[in-house]
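Take a look at the structure set out below.
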Protein chains: 2
Amino acid sequence: MFYILLQMKNNKKGMSRDMGLVVQKFGGTSVGSVERIQHVASRVVQEVENGNEVVVVVSAMGKTTDQLVSLANEITTQPSKREMDMLLTTGEQMTISLLTMALHQKGYEAVSFTGWQAGMQTESIHGNARIQHVDTTHIQSQLKQGKIVVVAGFQGVTKDGNITTLGRGGSDTTAVALAAALKAEKCDIYTDVTGVFTTDPRYIKDARKLQAISYDEMLELANLGAGVLHPRAVEFAKNYQVPLEVRSSLENENGTVVEEEPSMEQNLVVRGIAFEDNISRVTVAGLRNQLQTLSTIFTTLAKNNINVDIIIQHATSSDRMSISFSVKTEDLQETVAVLEQNREILEFEKVEHESQLAKVSIVGSGMISNPGVAADMFEVLAQEKIEVKMVSTSEIKVSTVVPYTDMVKAVETLHVAFELDKQLVTA
Amino acid sequence: MFYILLQMKNNKKGMSRDMGLVVQKFGGTSVGSVERIQHVASRVVQEVENGNEVVVVVSAMGKTTDQLVSLANEITTQPSKREMDMLLTTGEQMTISLLTMALHQKGYEAVSFTGWQAGMQTESIHGNARIQHVDTTHIQSQLKQGKIVVVAGFQGVTKDGNITTLGRGGSDTTAVALAAALKAEKCDIYTDVTGVFTTDPRYIKDARKLQAISYDEMLELANLGAGVLHPRAVEFAKNYQVPLEVRSSLENENGTVVEEEPSMEQNLVVRGIAFEDNISRVTVAGLRNQLQTLSTIFTTLAKNNINVDIIIQHATSSDRMSISFSVKTEDLQETVAVLEQNREILEFEKVEHESQLAKVSIVGSGMISNPGVAADMFEVLAQEKIEVKMVSTSEIKVSTVVPYTDMVKAVETLHVAFELDKQLVTA
């Protein structure tokens, strides 16, 4: 239902629009200075002039959060998480008041709300709380009075009245949660790019902005480091079927719609290619082939805050096996050190490692109904003589680890092979 | 009761103290940097180590408020008062979190509260709200758990959940209101001076710190620009009989106790001398001697935000009269302009004015029972050939307007004449 309305609006530009409720989210860069806040006010006013009710969610201005963190670090290296939340939430509170003043200055009625005033109730975990309930009473009362409501992103409050924050990408989550609770027609995530691309346009000149993408695909891309939207926000949007649009706060053009089943570009099997450099592969050889081995080795690494990505296990004999896994190169040295420290417990023969690798992944929900996509990918890479060091697959993703020197070539070739460079004809 | 306890403690330094609840307030200068916040933490810890429960009230760091105001002014010259409150209250919120972290760092349990978390309920007036009710439930629950409670000064919340500020000197008022609501043993106002002086030590070298002063005297001195304590806070303290002590955040010495009836120094008729330069006198001559004249002239000035201090009216004939009043010299030009603009309505003959004046006031509750104090003052000034241009009196104050060039001489002579330079022997 929302989806149909949305499509209509995207297609009927310039025509009269239905009155609806829109949630707009602007990140730290978009509100990084007084001038930018004034520009954001113009974008908000534009949506109001289109006949919509508007709720705006904003982050802290530019580097404010970093500055507050270093202030805390001058006092203590281990600040209490409750007090960090108290400190950091001043950042968005500054932005909401300044943006509201800018809206007043343009002659529009507007009112600002902190997280607790906006009814963003969270669990009692500081620094990374999940939203439990949104009480929209105050927001709705202000909307009814014809006001624009400006809400501080990233922050909430516990039942006991303690201020919490939602962790990284928290403002996206605030926006999506509000859109869900207010049954908004859509949620626009304004950012410093114009949308979600088939791959990173900074590396691949033929990278093309997608008109639409599914929640699941966006989740895979977000997790793969595309970085436009926080995975938790995408998950929230999927659970509550909130139609998102990722769009530019500077350029006035359509962005990328994130929704359950993109109707446009549906013939695309692969929707995007993500890639990441500075990957290392670690191989632990001569491990005892026992039930507990896998669990022991990765629990040890996790305890040392080492994030492991792709894992491959292969038995070398009936009582011995090897495990290979990928880590970020910045974690390599510590990974090896941790393994060596635990040599006696883990009972392995040797640790080998290789750096200068990269991860290249293709993502697309069309893979589910199109077997052989992974095979196609391997064939393309083989033709280009690119050695595949590791492979990992999910229902809608195939990831490969390749030499770093072949990363861009791999992406370019796959981009052409899966026809991501071709602009499709849409309704 | 409070008073007796307080005296005992002041006199029995170094001896074991009763366990009690103390409210400490530190202003913007005292928390102006990370180093100063750490120093404040030491002062708080000292009070805890003395066996007291402690609630700390803090202002925004140094110039933070000014910076936030100029940020708002970049956006609009007339910011909404609600949004200014939203913006400015981030200042104290930063300080409470940083001070709490500093207390943790020293190994003490502490928790921070914003105004709304601390239960500071105010009327619905932004920028200058009065406290209506303090719900101390949260604070008391934390104190019971053995924690130091750090509260944001200057801020409150309305019944509807809007953030308000208490106006100038608001943090003093927060501290006093909390002390009253929590039935604290005393409220220490830490500042950048060591106490309340008989007169301004920057001008008069014999100025002496008072050991005690009454609420009423402090009110007169505060209103006369002594500036150590905000009048509203003193009024609040008087109404709820909260024993205050004004003391230095840097020096570790006793300050000045503000209480109902100072027992020490009770033989002093005059407790202090306040003075202020940049005063102008305006005389409006040839006004019609009618009932409405006074009201019309001062309503007109008030509408133009001109603050009038001393007012003298004298009839020059049965149907004509003159009015003289004092204003700050910075307001003189506008005062004359406003009068001239309203010449037809006010029906006066001419406006005369004189600048380069100063106001010198003696304050002391002993005046009530000692008639002739004003006469003594005039005699002292006459002996020094200081011309008195205007006079105004209250029960515990005599103010004179004198030439600016005689200001310091007047204060010096009065300081000696009323024996303010003499250290009195106390119990």
Seminar exercise, completed: Residues meeting the amide H criterion for A:T164 (H placed from the backbone, H to H distance under 5 Å, 5 or more places apart or on another chain) are A:G156, A:V157, A:T158
For this session: Quickly estimate the mean residue ellipticity at 222 nm for chain A, helices only: each DSSP H run with n ≥ 4 gives -39500 (n - 2.57), and the total goes over all residues, rounded to 500.
Result: -10500 deg cm²/dmol
Exercise. Can you list the residues, at least 5 places off or on another chain, whose amide H is less than 5 Å from the amide H of A:D188, using H built in the peptide plane?
Worked result: A:V23, A:Q24, A:K25, A:E245
Exercise. In the neighborhood of A:F275, defined by Cβ-to-Cβ distances under 9 Å, what is the net charge if each Lys or Arg adds +1 and each Asp or Glu adds -1?
Worked result: -2
Exercise. How do the peptides A:180-188, A:133-141 rank, highest first, by the average count of neighbouring beta carbon atoms within 10 Å per residue?
Worked result: A:180-188, A:133-141
Seminar exercise, completed: Honestly chain B on the Cα gyration tensor test (a ≥ b ≥ c root eigenvalues; a/c under 1.5 rounded, otherwise a/b vs b/c for prolate or oblate) is just oblate
Problem set entry | 13 Å beta-carbon shell around A:E83, net charge (K/R +1, D/E -1) | +1
Problem set entry | Whole-Hz ³J(HN,Hα) from phi, Karplus 6.51 cos²θ - 1.76 cosθ + 1.60, for the range A:255-261, glycine and proline x | x, 10, 8, 10, 8, 5, 10
Seminar exercise, completed: Mean per-residue count of partner chain Cβ within 10 Å for B:158-168 equals 2
For this session: Set the Förster distance to 45 Å, then compute FRET efficiency between A:S141 and B:E109 from the Cβ-Cβ distance, nearest 0.05.
Result: 0.70
For this session: Just tell me how shielded B:112-125 is by partners: mean number of partner chain Cβ atoms within 10 Å of each residue's Cβ, no decimals.
Result: 2
Exercise. Can you run phi through the Karplus equation (6.51, -1.76, 1.60; θ = phi - 60°) for the range B:83-88 and list ³J(HN,Hα) in whole Hz, with x for Gly and Pro?
Worked result: 6, 5, 4, 4, 6, 5
Problem set entry | Cβ-placed point charges (K, R +1; D, E -1), dipole of the range B:273-417 about Cα centre in debye, nearest 20 | 220
Exercise. Residue-wise, which Karplus ³J(HN,Hα) couplings in Hz belong to the range A:347-361, taking 6.51 cos²θ - 1.76 cosθ + 1.60, θ = phi - 60°, and x for glycine or proline?
Worked result: 6, 10, 8, 7, 10, 10, 8, 9, 9, 6, 10, 9, 10, 10, 10
Exercise. How far apart, in nm, are the 7 Å Cα→Cβ label points at A:K63 and B:E395?
Worked result: 5.8
For this session: Collect residues whose amide H, placed 1.01 Å from N in the peptide plane, falls under 5 Å from the amide H of B:A110; neighbours closer than 5 in sequence don't count.
Result: B:I148
Exercise. What is the sum of charges around B:G167, taking Lys and Arg as +1, Asp and Glu as -1, for the other residues whose C-beta is under 12 Å from the C-beta of B:G167?
Worked result: +1
Exercise. How do the peptides B:244-252, B:70-78 rank, highest first, by the average count of neighbouring beta carbon atoms within 10 Å per residue?
Worked result: B:244-252, B:70-78
Exercise. In percent, what relative contact order does chain A have, based on Cα pairs under 8 Å that are 6 or more apart in sequence?
Worked result: 13
For this session: Would you kindly work out, in nm and rounded to one decimal, the distances from the label point of A:Q78 to those of the same position in each other copy, ordered shortest first, with label points 7 Å along Cα-to-Cβ?
Result: 5.4
Problem set entry | Per-residue average of Cβ from other chains inside 10 Å of A:88-100 | 6
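Read-outs throughout are calculated quantities, based only on the coordinates presented, and are distinct from any laboratory measurement. Computed from a predicted model, the values in this text were never measured in an experiment. Note: ideal-geometry Cβ built from the backbone for every residue, glycine included; neighbour counts use all protein chains shown.
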